[in-house]
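To keep things clear, I will list the structure first and then write my remarks on it.
The values are calculated or read from the model by the stated rules, or taken from the named source; none is laboratory data. Not measured: the values here are computed from a predicted model. Every residue, glycine among them, receives a Cβ derived from its backbone with ideal geometry; neighbour counts consider all protein chains shown. Quick note on the areas: whole protein, heavy atoms, side chains included, nothing else; ligands and nucleic acids left out. Shrake-Rupley method; radii C 1.70, N 1.55, O 1.52, S 1.80 Å.
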Amino acid sequence: MNAPTERHSLPDSVVIVLFGATGDLAGRMVMPAIHEVHSRGLMPDHWRLIGCAAEELDDEGFRDRVAASLDGSDTGRPADWATTRSWLRYCGGTFSADDPGALPRTLAEVREELVAESGSEPLVLHFLAVPPVAFTPIARGLGAHGLADGARVVFEKPYGTSLESFEELDAAVKEVLAEDQIFRIDHFLGKEGVQTIYVLRFANQLFGSEWSRASVDQVQIDVPEDLDVANRIAFYEATGAALDMIVTHLFQVAGQVAMEPPTDLRDPASVIAAREAVLRAFRPLDPVQDVVLGQFEGYRDIEGAAPDSTQDTFAAVRLWVDTERWRGVPFLLRTGKRMARKTQRITLVLKPPFGPLADKLDAPNTIEICFSGDGEIQLGITVKTPGPDLSYSSGKAVLELDDVPGGDPISPYASLIHDALVGDRSLYTTAEGLRAAFAAFAPLQGPERPDPVPYAPGSWGPEEAHRLAAPHRWMLGE
């Protein structure tokens, strides 16, 4: 989030170790992001990438894989690809405390080669783009083979799937790593639209003065998706929409919206403390009153789904934030697959005005932040309808963030990788924050979990979810 300062500056040299380097996540997101950071001049002059995966490849084979992933990305190959290609190495085989990886040489040996090249001790950033079941073995392997001291380690989500599994994983990881070495990534926090909440709120009196229960009736955080789950059915049968999206992404975005002003936005400890404080104020979900789960029609017909599956592909929850600023204001979180469209939006629904026009609004005024793509800000306002009569209309004023003069949006993964390189954990989740999130989510994993109700593909989800937004409506799609 922060520009490099004396406190957060780039090291002289970096070695990035990418576990799961031949997997889908690494190819689609991580490797293009690493090269985006380089292309923007945000890497140190001396950096190297070591790919680690079980597949048997040599350095040239891995370089070809990286080239293919860059060719399929939005950024493409960097202009100096002929040079940077030679900076890539590969270490194949399994990796754990009992196995150092040995194809064609161990990870420790590759690291020593790169230290010799740079002539100095580099920062080592381990990026675990692997299934969560591999987190503990890899962390213990880093400790066993002397690769943990002084290193930073990025863990993908989900970092635990319940309060209990989170505690077990975190305890195992901390046998090897200190909290300040651990970077638990949630790419929603790296999105330009989510980061702009800070400046919109704290640099503009127009918005900052309205950011409380005095002016806000409800907050909606809406992430519908039009994608199917046929190519991820095993994951979805084990996880579902609520666990995949609500307790991780949307709780964290809610924390960004609801947090109290940090004392210093350029001090990661201040930002993290403010976000953790509000996450601890999340009231545990009431599965009966405040949750609607859904399953799109036809889900059970997908090969790999149980014929009687009760897994949710849609989740809408009403979250209460028990702070003085937000007490009594519902935070409505909604997500689902096979919905009418794909977007990501935060909407603050404002209270009606006082005075002679209080009952003239066809729709409430809104402050909206779209955090898909490059992001945009929308204001839903009431104006006089042009013409001779005194009548009223609702309209939208829109600011596209990529139209801001001098703006050059950076992708979420590139933003977060850069933050990890400079040691800025502001936009990474913490143990305390995740502990609070899982505690608030825990009732939905208990016996009162509601059965999912069916909804038509291409719709906005089950009709039952409408009651959560009353007396308003879901601002998106209705």
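List of remarks:
- Packing rank of 290-300, 35-45, 468-478, where each peptide gets the mean count of other beta carbons within 10 Å, highest leading: 290-300, 35-45, 468-478
- FRET efficiency, 1/(1 + (r/R0)^6) with R0 45 Å, evaluated for residue 164 and residue 9 via beta carbons: 0.70
- Cβ-Cβ FRET estimate between residue 98 and residue 351, R0 fixed at 60 Å, reported to 0.05: 0.45
- Estimated at 0.36 nm per residue, the fully extended path between residue 288 and residue 324 surpasses their Cα-Cα distance by 10.4 nm.
- Extension gain, residue 116 to residue 385, is 89.7 nm, computed as 0.36 nm per intervening residue step minus the present C-alpha separation.
- 432, 56, ranked by accessible area, largest first (probe 1.4 Å): 56, 432
- Percentage relative contact order, the chain, counting C-alpha pairs under 8 Å, at least six apart: 18 percent
- Reduced Cα scattering model of the chain, Debye log10 I(q)/I(0), q = 0.06, 0.09, 0.13, 0.14 Å⁻¹: -0.29, -0.65, -1.29, -1.45
- Of 157/351; 174/342; 337/384; 157/396; 174/337; 342/396, pairs whose Cα-Cα distance is over 29 Å: 157/351; 174/342; 337/384; 157/396; 174/337
- Ordering 269, 247, 200 by the projection of their Cα atoms onto the charge dipole of the stretch 180-276, which places +1 on the Cβ of Lys and Arg and -1 on the Cβ of Asp and Glu, puts 269 at the extreme positive end.
- Taking amide H positions as modeled 1.01 Å from N, with prolines and chain starts lacking one, the residues under 5 Å from residue 453 and 5 or more places away or on another chain are 293, 294, 295.
- Solvent-accessible area, 1.4 Å probe, carbon plus sulfur percent, for the stretch 380-440: 59 percent
- Within the chain, antiparallel bridges make up roughly 55 percent of the DSSP beta bridges whose residues both belong there.
- Summarised in one figure, the compactness ratio Rg/Rh of the stretch 376-478, Cα atoms and Kirkwood Rh, is 1.10.
- Shape category assigned to the stretch 140-257 from the gyration tensor of Cα positions, a/c cut at 1.5: oblate
- Cα-based shape type of the stretch 25-99, given that a ≥ b ≥ c are square roots of the gyration tensor eigenvalues and the cut on a/c is 1.5: prolate
- Take the Cα of residue 470, step 7 Å toward its Cβ, do the same at residue 109, and the gap between the two points is 6.9 nm.
- Shape parameters for the stretch 237-349, alpha-carbon atoms, Rg then Dmax in Å: 16.6, 53
- Hz values of 3J(HN,Hα) by residue in the stretch 65-75 - Karplus curve (6.51, -1.76, 1.60), Gly and Pro given as x: 4, 5, 4, 5, 5, 5, 4, x, 9, 5, 8
- Tilt relative to the chain, helix 107-118 - C-alpha long axis, 0 to 90 degrees, to 10: 80 degrees
- J(HN,Hα) series, the stretch 336-352, from Karplus relation 6.51 cos²θ - 1.76 cosθ + 1.60, nearest Hz, glycine and proline x: x, 9, 6, 9, 5, 7, 10, 6, 9, 8, 10, 10, 8, 8, 8, 5, x
- Relative compactness, the stretch 420-478, computed as alpha-carbon Rg over 2.2 N^0.38 Å: 1.71
- Residue 301 accessible area, assembled protein chains, probe 1.4 Å, Å²: 140 Å²
- Solvent-accessible heavy-atom area per residue, rounded to whole Å², over the chain at 1.4 Å: 41 Å²
- Orientation-averaged projection of the stretch 42-149 equals 7.4 nm² [convex hull of Cα atoms, one quarter of hull surface area].
- For the stretch 240-250, Karplus couplings with θ = phi - 60° (6.51, -1.76, 1.60), whole Hz, Gly/Pro x: x, 5, 5, 6, 6, 10, 6, 5, 9, 4, 6
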